[in-house]
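Structure, as structure tokens:
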Amino acid sequence: MNILGIETSCDETSVAVTHHRKVLSNTTVSQLIHTEYGGVVPEIASIEHLSLINEVTRKSIKDSGITLSEIDYIAVTNGPGLKGALLVGVNFAKGLSAANDIPLIGVNHMEGHLFSNFIDKKQIVYPFLCMLVSGGHTQIWLVSSYKDYKLFSNTVDDAAGEAFDKGARMLGLGYPGGPEIEKLSKFGSIGEFNFPIARVKNSKFNFSFSGLKTSLYYLLKSNKVTEKDYKNIACDYQETILDTLIKKLVLVSDETGVFDVVISGGVTANIRFRDKLDQITKNGLYNIHYPPIKYCTDNAAMICIAGYEKALNSETSDSTLDIYPNLMMDQ
Ligand code: KG4
Ligand code: ZN
């Protein structure tokens, strides 16, 4: 089965072509214009998607080595994400679908991240835990089978990626903040600055990152530190976010008895995170997977792979496909 996938939920314009779970092409343009503003500007994102989508699609089809007539389905992200940005992708997909008589599949962006772990895999073995750590989400789901998702952990305030982005801004670094903090941390050492791992009232599984952000704010405002300390601060700030993620993951594994884990979303690109996860697999209990770095941040290949799962389950859409900016993974 050949799928053409379209992803425009935020600031990446991406189109991919897959055959079953194999990626034939994946063209992603990251809209660098947002760096000037220190974060994604929704109106600019929509305009950029509009001007890029045609050419990105053309290139991805060309790179795939197959033609549009050989595509069985068009899979497109229809939520969650920025309203205008989603509209560009969905309307483009609808036009392509109608003009070429190719059935349409609406895909949940978060399910895309989940299924990014199965790119190039022959089969999917359930159950497993799925940790989603992106700019908008920090969640742990128990995935018992396709579409049987149970939410165990969620953030009560900021997402992990957002904590990276906001911390980076306070340290005078660029956007997106995760890679910037990771880079600066490489020059620093761990243990000089103590940031708290937040306890969340009434749920030991949930995440909270707003206290961490506030701690950083007051530390930088105090006269205890200078710019020379920033590399060590970045190091401990990053360490606290990653330790928080791992602590909650261990709690959910212990609770559910499930130690097969897939990790997805932009923060999964963090090498220190991967190293720390590798350490906990050493006791032989855990089996932790994460996608190749290029499929951690937003991309259309993951939308194809999730679309493939939907097609196998006969879940197609039609020309009434709508956008859902606040779509949850189990909707
Ligand atoms: O999954 P994603 O590309 O978009 C959303 O769906 O949100 O995730 C983007 C987030 C940003 O907050 C970015 O700072 C973070 O992922 N991120 C990282 C790294 N690369 C991207 N965070 C930590 N370390 C990284 N290397
Ligand atoms: Zn994403």
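We did not get these values from a lab; they are worked out from the coordinates using the rules stated. These numbers were taken from a predicted model, which means no experiment stands behind them. Glycine also receives a Cβ, built like all others from the backbone with ideal geometry; neighbour counts cover every protein chain displayed.
Each Cα pair under 8 Å and six or more residues apart adds its sequence gap; the mean of these over the residue count of the chain is a relative contact order of 26 percent.
Do the sum for the chain: with -39,500 (n - 2.57) for every DSSP H run of n ≥ 4, divided by all residues, what is the mean residue ellipticity at 222 nm, to the nearest 500 deg cm²/dmol?
Rounded to the nearest 500, it is -13000 deg cm²/dmol.
Across region 126-290, Cα pairs under 8 Å and at least six residues apart give a relative contact order of 28 percent. Remark: region 313-327, residue by residue, has Karplus-estimated 3J(HN,Hα) of 9, 6, 9, 9, 10, 9, 5, 8, 3, 10, 9, 9, x, 10, 4 Hz, where x stands for each Gly or Pro and the curve is 6.51 cos²θ - 1.76 cosθ + 1.60 at θ = phi - 60°.
Bridgeable aspartates and glutamates around Lys201 (alpha carbons under 13 Å apart, same-chain partners fewer than 8 residues away excluded): Asp157. Here's the list of lysines a cross-link from Lys221 could span, going by alpha-carbon distance under 22 Å and ignoring same-chain residues fewer than 8 apart: Lys166, Lys213, Lys231.
Note on region 126-290: Rg/Rh from Cα positions, Kirkwood definition for Rh, rounded to two decimals, is 0.98.
Exposure here means at most 16 other Cβ atoms within 10 Å; with GluC sites (Glu not before Pro) in a DSSP loop as sites, the longest stretch of the chain lacking them is 1-191.
Please compute the Kirkwood hydrodynamic radius of the chain from all pairs of different C-alpha atoms, in Å with one decimal.
Every distinct Cα pair counted, the radius reaches 20.3 Å.
What residue among Ala311, Ala85, Ala99 shows peak mean-square fluctuation when the chain is described by a Gaussian network model with Cα springs under 10 Å? Ranking Ala311, Ala85, Ala99 by mean-square fluctuation puts Ala99 first. When the C-alpha to C-alpha distance is required to be over 25 Å, the pairs from Lys204/Lys276; Lys83/Lys183; Lys121/Lys294 that qualify are Lys83/Lys183.
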